[in-house]
1. In this structure, is residue 89 surrounded by 24 or more Cβ atoms within 10 Å (Cβ to Cβ), assigned by TED's automatic domain parsing to the domain that holds residue 130, part of a helix (DSSP H, G or I) and at pLDDT 65 or above?
2. Is it the case that residue 22 is at pLDDT below 65, over 26 Å from residue 190 (Cα atoms) and touching a helix residue (DSSP H, G or I) at 6+ places or on another chain (Cβ under 7 Å)?
3. Only one residue in 436, 417 is in contact (Cβ under 8 Å) with a residue 40 or more places away in the chain, crowded, with 24+ Cβ neighbours inside 10 Å and in a helix (DSSP H, G or I), so which one is that?
4. Can you tell which of 77, 71 is assigned to a helix (DSSP H, G or I) and closer than 21 Å to residue 141 by Cβ?
5. Only one of 135, 145 is assigned to a helix (DSSP H, G or I), surrounded by 24 or more Cβ atoms within 10 Å (Cβ to Cβ), modelled with pLDDT under 85 and in contact with a helix residue (DSSP H, G or I) (Cβ under 7 Å, 6 or more places away or on another chain). Can you tell me which?
6. Quick one: which residue in 274, 260 is more than 19 Å from the chain's Cα centre (by Cα) and part of a loop (DSSP other than H, G, I, E, B)?
7. Kindly list the number of the only condition in (1) surrounded by 24 or more Cβ atoms within 10 Å (Cβ to Cβ); (2) without any contact (Cβ under 8 Å) to a residue 60 or more places away in the chain that fails for residue 125.
8. Look through 489, 501, 485 and report the one residue that is crowded, with 21+ Cβ neighbours inside 10 Å and modelled with pLDDT of 95 or more.
């Protein structure tokens with residue numbers, strides 16, 4: 001690796017035409033594989049959100065209202081902590097067996113979820129499903145990078161981004177329809193034919209070239225266990241902190257302390273492992289470490305539009321669930337379009353400058369949200385989200401392609417998994433942090449309420465939303481005061497997201513290398 005020449009992306013944006021590898025499929029042969037990748041991406045994205053609108057039916061059937069949040073948290077935990085393991089396994093054994101295994105695990109989890117007999121079993125099976133979802137999320141991105149040369153990579157990545165965005169937004173609507181007109185178990189059963197088709201296409205059409213292996217591969221199971229324990233304890237503390245228990249309570253402090261101990265042990269294990277799960281080069285290379293930090297900030301800032309905007313649209317603007325979803329969906333329209341067009345930008349100015357342009361715009365757009373009038377019209381936040389999607393499309397895709405193009409085949413899975421892992425951790429941190437900001441703002445506003453309207457006012461975000469859904473229980477003054485309180489809380493969250501965007505921008509400006517080192521396709525294959 002040390003003697004391999006690298007071409008600075010910013011110096012010459014037109015790479016030499018690569019010679020196809022003997023095992024690389026033709027353009028026509030890639031189409032079934034691309035279809036399978038999009039089906040797999042749709043599965044992973046749908047099941048992250050599809051269950052949200054079916055919670056009342058699930059709780060009514062299985063009970064367990066006090067723990068239903070783990071239907072989401074358990075899936076998130078499993079996806080997040082398994083990403084590094086799948087990245088390393090795909091570099092060791094190839095993408096195809098890991099992707100097929102992930103589809104099988106995901107479908108087994110889906111079938112078990114459909115057969116759940118109580119809330120505890122459903123949560124356990126959602127974790128199984130998440131373990132398969134981690135393989136889908138990480139490996140699909142790597143297979144796309146393997147199949148498509150640098151010049152064509154933006155197209156397939158933009159398609160995958162489109163599928164992810166549309167599936168995430170459509171998930172709640174599909175879940176509501178299935179739960180309302182059929183049965184909530186069909187939410188999981190519909191995965192079976194879609195996953196089976198993806199499995200068949202991958203089996204028949206994805207043919208990986210043979211790779212040289214020196215000796216028997218070693219799996220760092222101790223490191224994998226360390227990552228699972230660290231991530232599980234940390235994310236559980238973040239998800240449950242301020243909800244199931246106070247932040248400074250014994251459970252929170254115990255889990256955070258346990259996560260710190262496990263993290264230290266994992267670092268020690270990885271330093272002494274023959275083939276570490278998270279190699280040190282992931283953080284020693286400026287390109288990858290800077291992108292990892294920037295993606296953690298991306299996960300942070302995405303909490304505002306994806307979690308708090310629907311509450312704003314319904315509680316402040318008075319929209320129904322479908323129009324509120326449309327306000328958010330405008331971001332999913334511009335994001336893939338900007339991602340597809342980003343190649344024209346980074347081919348001229350380089351990966352880093354393209355991403356800086358996108359994140360600088362995102363910082364300004366997020367900071368502009370609190371300037372919207374109260375109560376305002378639905379088109380105003382929709383326009384903000386449309387612009388934000390375009391800005392983030394210019395930011396995310398160039399960095400993913402830049403990192404994937406800076407490493408050889410044998411490192412691509414690990415590098416991609418590290419990016420996605422940091423984004424997932426950032427989302428978990430953002431959910432905990434901005435949830436605390438919103439609740440603190442609401443508590444402050446409710447405490448400062450005039451005596452004339454203070455009696456009967458709710459004291460948390462969920463109660464405020466429920467109260468505004470039934471305004472007949474409130475006076476006009478109280479309802480208006482609650483809407484203004486929610487408006488202020490969401491404004492503070494967006495300011496926090498703008499701060500996260502600024503942090504990502506500073507990371508790119510001061511930590512990322514000015515020129516991303518890019519290997520040609522021939523060089524990447526030579527190192528495999």
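1. yes
2. no
3. Answer to the selection: 417.
4. 77
5. 145
6. On inspection, the qualifying residue turns out to be 274.
7. So the condition that residue 125 fails would be (1).
8. Going through 489, 501, 485 in turn, the sole match is 501.
The values are calculated or read from the model by the stated rules, or taken from the named source; none is laboratory data. What you are looking at is a predicted structure, and each value in this text was computed from that prediction instead of being measured. A quick note on method: Cβ atoms are made from the backbone with ideal geometry, for glycine too, and the neighbour counts reach across all protein chains shown.
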